[in-house]
Amino acid sequence: MSQHARRHLTRRNVLRRTAVGGLALAGGAAVAGPLVAGADAATSDFGYRDDGHAYVVGTGADLVFKVDHRNGDLTSLVYKGTEYQGYGGRNSHVETGLGTSSVSIRKTGDTILVTVVHGTMHHYYAARRGENNVYMWTNKADASLTATRYIVRVRPGLFPTNDPDSWDARTDTVIEAQDVRRKPNGTTRSKHYSNQRVIDYAHVGWTDGKVGMWMVRSNHEKASGGPFYRSLMRHHYEDGAGLYEILYYGENQTEPMRFGLQGPYVLAFTDGSAPSPALRHDRIDASWADGLGLVGWVGRRGRGRVAGVGIAGRDTAYAYTVGFANADAQYWTEADPATGRFVSPYMLPGAYTLTVYKEELAVYTTRVTVTAGRTTPLHTLAISRDPSRNPAIWRIGDFSGTPRGFKNASLMTTMHPSDARARPWTGTWTVGASRTDDFPCYQWADINNRQKIRFKLTARQLASGHTLNIAITTAFAGGRPRVRVNDWVSAVPSPAKEPTTRSLTVGSYRGNNHTYSYAVPASAWIKSPDAFQELTLDIVSGSGGSAYLSPGVSYDVIELLP
C-alpha cells in the first residue's frame, strides 16, 4: 500500500466535519428548577438537580440521565435501574468530546433543556415529561470545530449480537486499517457494515426482548451526501458498543459540508419493541421546541413544501426518488410507484435543484423555489435522459446508479470483498451464455485485472466501429478502465471526479456516477461473424495500493452500442 493511500486510511480527522444548532444561557449557570427526588433511581419525578459535577435530569418515567456541566458530555443513562452509558472510561458526546464548554439548564413547561455552548457550536439535550427519550440537536455554525457526529457509548454485555458491525478483538484478526476484521470462519466484520442508505432507515439500535435502545435519526437536512449516502450507524465490540447520529462523514463523501442546526435526533428506550413511529424524522411533531430559543431552529410554520402530480417515462422495475438540494440543505421523498406523485418534506425556504433518481441514477433535473407557508405545485415531470432507453448490441447490467445484479453486489455493503461468502472475483464473461451475476460488481488493479468479455458481431456490425460505454458508480484511488479489443488498445481516460477515501471495502459503492465512452474502430474487429471478439478490461491509475486497496471501480453498466 502506498504512503498516499495509507494516509487516507488511518487519519481519524476524515470524520471531523458536520452540521447542526442551539441556545446559549448566560454564564452557563443552572436555572432554578425542581430537584429530582432519587435521581439515580430507576423511576424519578420530572425535574433536575446539580450533583456538583453534572446536571441530573429525571424524565418522570423510567429514565434518568446526567450531563457534565463542564464539557456537555452525557455521563449516565439509567433506565429501569440499569446503567447503559459508557465504556473504556469514555462518555457519550459530540464527536470525541468538546472539552471545556458553557453548560446550562432550564425547565420550560413539560420540557427540560440542557444547552452546551463551545465556541460557535451549540448542542442541546431535552427531556419531555413522562418520556423515556433524550432529544438532541447540534448546530455547527462554521468550520472552526470538527463536530461530525454524536456517539452514544454503551456498556458491554447488555445486548447480545452477532451482526456485521460487531466483532471480538480477542478472536478476530485485523485485516484493514484497524476497523475491518476477519473471524476464524473467514467472515468479516466492521463498524462500517451496519450499512444502510440514509433513505432506508429511521432508527438503529438493539433489543434483548425486554429493553430496546435506539437512535432515531433526524431528517439530515444539514447533512451531506443525499438520500443514498451510507455512513456509520453503530458498532459492537467485546468492550462496549456505540450508536451514532452522523451529521457529516468524510468517507466516500460526494458533497461539501453543510452548516446549521440539525435535529431533533432521539435516543429512545423501549420495552424491547422498536421506537414509536411518532419519533420518526418524517412524522415527529416537534412544535414544542418552537419556544425554546434554539439557535437556528425553524418550525413548520417557517417552512414550505413541493408537490408533483406525477413523473412520466418511469421504468416500473425501479423505485424513483425525488431529491432537493442546495448549499444549505438537502431533502428527498419517494415517488408513488403507480403514479409518480410526490410530496416533499417540510423544507427551509429557498431555491433548490430538484433531481429525479431512477434507483440511484439521476435521470431528470430542474429548479424549484420553496416558500414558507405554502406548497409549490409542479406539473408532470417527463424523464428524457434515461440511458437504458438507448438500443445496444449487448449490455451487461442496467443503468440504475448501482452495481445491482452483478456478482457479489448483494453482499458488499455488509462485508469485506475478501469475505469467505463472496464468490471468486475472476472469470471470463460471454455474451449470450453468461448471466449478469457472473460479472463482478467490483474490479481492482491487483485482484481481478484483465477481466475478459467475449462476444460475436454480425457481418453488418463488423463493417463499422462502435461505441463501448462503461458506467461506474464510484472509483477508489483514481481507478478507471483501459480497454483492449483484440489487438486494439484504448488511450487511458482521465479519472472521474470521485471521493478519495475508502469506499469498496467499507460497504459503499456510492460515488459520482460516471460513464466512460470508447470509440472502438472497425479495424479492431476480427473479421468473421463466427469468431469471438475479446474485450479485456484493466483498471489503471497513477496511485498505488495493493490487493483490495489497489485502485478499483464499481460497475453499473457495460454496453456496446450500434
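When GLY308 is evaluated against the numbered criteria (1) crowded, with 16+ Cβ neighbours inside 10 Å; (2) under 27 Å from PRO403 (Cβ atoms); (3) touching a residue at least 40 places away in the same chain (Cβ under 8 Å), which criterion, by number, is the only one it fails?
Condition (2) is where GLY308 drops out.
Would you confirm, using the coordinates I've provided, whether SER494 is surrounded by fewer than 20 Cβ atoms within 10 Å (Cβ to Cβ) and either more than 17 Å from PRO551 (Cα to Cα) or aliphatic (A, V, I, L, M) (or both)? So that I can check it myself, show each step before the final result.
Numbers: surrounded by fewer than 20 Cβ atoms within 10 Å (Cβ to Cβ): yes; either more than 17 Å from PRO551 (Cα to Cα) or aliphatic (A, V, I, L, M) (or both): no.
So SER494 fails the test.
Tell me, yes or no, whether segment 537-553 has at least one residue that is of a type in the set (S, T, N, Q), within 22 Å of GLY478 (Cβ to Cβ) and in a strand (DSSP E or B).
Looking only at segment 537-553, we keep the residues that are of a type in the set (S, T, N, Q), and these are 541, 543, 546, 550.
Narrowing the set further to residues that are within 22 Å of GLY478 (Cβ to Cβ) leaves 541, 543, 546, 550.
Subset that is in a strand (DSSP E or B): none.
The answer is no; no qualifying residue exists.
Just one of SER464, SER400 is at pLDDT 95 or above, closer than 28 Å to TYR518 by Cα, among the hydroxyl-bearing types (Ser, Thr, Tyr) and touching a Lys or Arg at 6+ places or on another chain (Cβ under 8 Å); which is it? Steps first, please.
Working: SER464 fails: touching a Lys or Arg at 6+ places or on another chain (Cβ under 8 Å).
Of SER464, SER400, the one residue that is at pLDDT 95 or above, closer than 28 Å to TYR518 by Cα, among the hydroxyl-bearing types (Ser, Thr, Tyr) and touching a Lys or Arg at 6+ places or on another chain (Cβ under 8 Å) is SER400.
Give the residues of segment 388-409 that are free of Cβ contacts under 8 Å to residues at least 40 places away in the same chain and more than 22 Å from GLY507 (Cα to Cα), sorted by residue number.
ARG389, the sole residue that qualifies.
Note down all Cβ pairs under 9 Å where the first residue falls in segment 350-377 and is under 13 Å from ARG303 (Cα atoms) and in the same structural domain as ALA329 (by TED's automatic domain parsing), the second is surrounded by fewer than 13 Cβ atoms within 10 Å (Cβ to Cβ) and among the small types (Gly, Ala, Ser), and they're at least six residues apart or on different chains.
THR369/ALA351; VAL370/ALA351
Would you check if there is a residue in segment 81-91 being over 24 Å from GLY272 (Cα atoms), assigned by TED's automatic domain parsing to the domain that holds TYR237 and small (Gly, Ala, Ser)?
Checking segment 81-91: at least one residue is over 24 Å from GLY272 (Cα atoms), assigned by TED's automatic domain parsing to the domain that holds TYR237 and small (Gly, Ala, Ser).
Take segment 150-166 and flag every residue that is under 21 Å from the mean Cα position of the chain (by Cα) and at pLDDT 95 or above.
Within segment 150-166, TYR150, ILE151, VAL152, ARG153, PRO164, ASP165, SER166 meet the criteria.
Kindly establish whether LYS66 is modelled with pLDDT of 95 or more, in the same structural domain as TYR125 (by TED's automatic domain parsing) and surrounded by fewer than 20 Cβ atoms within 10 Å (Cβ to Cβ).
Working: modelled with pLDDT of 95 or more: yes; in the same structural domain as TYR125 (by TED's automatic domain parsing): yes; surrounded by fewer than 20 Cβ atoms within 10 Å (Cβ to Cβ): no.
Taking the combined requirement at face value, the residue does not satisfy it.
In the set ARG300, ARG314, which member is closer than 28 Å to ALA126 by Cβ and in contact (Cβ under 8 Å) with a residue 12 or more places away in the chain? Talk me through it step by step, then tell me what you get.
On the way: ARG314 fails: closer than 28 Å to ALA126 by Cβ.
ARG300 is the lone residue from the list that is closer than 28 Å to ALA126 by Cβ and in contact (Cβ under 8 Å) with a residue 12 or more places away in the chain.
Which residues, taken from segment 106-148, are crowded, with 24+ Cβ neighbours inside 10 Å and hydrophobic (A, V, I, L, M, F, W, C)?
ILE112, LEU113, VAL114, VAL116, MET121, ALA126, ALA127, VAL134, MET136, TRP137, ALA147
Do the conditions hold for THR321, that is, is it surrounded by 16 or more Cβ atoms within 10 Å (Cβ to Cβ), touching a strand residue (DSSP E or B) at 6+ places or on another chain (Cβ under 8 Å), touching a residue at least 24 places away in the same chain (Cβ under 8 Å) and closer than 18 Å to ARG258 by Cβ?
The answer is no for THR321.
So, MET257, is that one aliphatic (A, V, I, L, M), in the same structural domain as ASN139 (by TED's automatic domain parsing), surrounded by 24 or more Cβ atoms within 10 Å (Cβ to Cβ) and under 16 Å from the mean Cα position of the chain (by Cα) or not?
Numbers: aliphatic (A, V, I, L, M): yes; in the same structural domain as ASN139 (by TED's automatic domain parsing): yes; surrounded by 24 or more Cβ atoms within 10 Å (Cβ to Cβ): no; under 16 Å from the mean Cα position of the chain (by Cα): yes.
For MET257, the condition - aliphatic (A, V, I, L, M), in the same structural domain as ASN139 (by TED's automatic domain parsing), surrounded by 24 or more Cβ atoms within 10 Å (Cβ to Cβ) and under 16 Å from the mean Cα position of the chain (by Cα) - is not met.
Just one of ALA409, ALA459 is farther than 22 Å from ILE539 by Cα and in the same structural domain as ILE539 (by TED's automatic domain parsing); which is it? Give the steps one after another, and end with the answer.
Values: ALA409 fails: farther than 22 Å from ILE539 by Cα.
Among ALA409, ALA459, only ALA459 is farther than 22 Å from ILE539 by Cα and in the same structural domain as ILE539 (by TED's automatic domain parsing).
Does at least one position in segment 378-387 carry a residue that is within 24 Å of TYR509 (Cβ to Cβ) and small (Gly, Ala, Ser)?
Taking every residue of segment 378-387 in turn, none turns out to be within 24 Å of TYR509 (Cβ to Cβ) and small (Gly, Ala, Ser).
Does ARG283 qualify as being surrounded by fewer than 18 Cβ atoms within 10 Å (Cβ to Cβ), assigned by TED's automatic domain parsing to the domain that holds ASP62 and at negative phi?
Taking the combined requirement at face value, the residue satisfies it.
Across segment 398-418, which residue is farthest from ARG197 (Cα to Cα) among those that are part of a loop (DSSP other than H, G, I, E, B) and over 22 Å from the mean Cα position of the chain (by Cα)?
Filtering first and then ranking leaves SER418.
The values are calculated or read from the model by the stated rules, or taken from the named source; none is laboratory data. Here the structure is a predicted model, which means the values were calculated and not measured. A quick note on method: Cβ atoms are made from the backbone with ideal geometry, for glycine too, and the neighbour counts reach across all protein chains shown.
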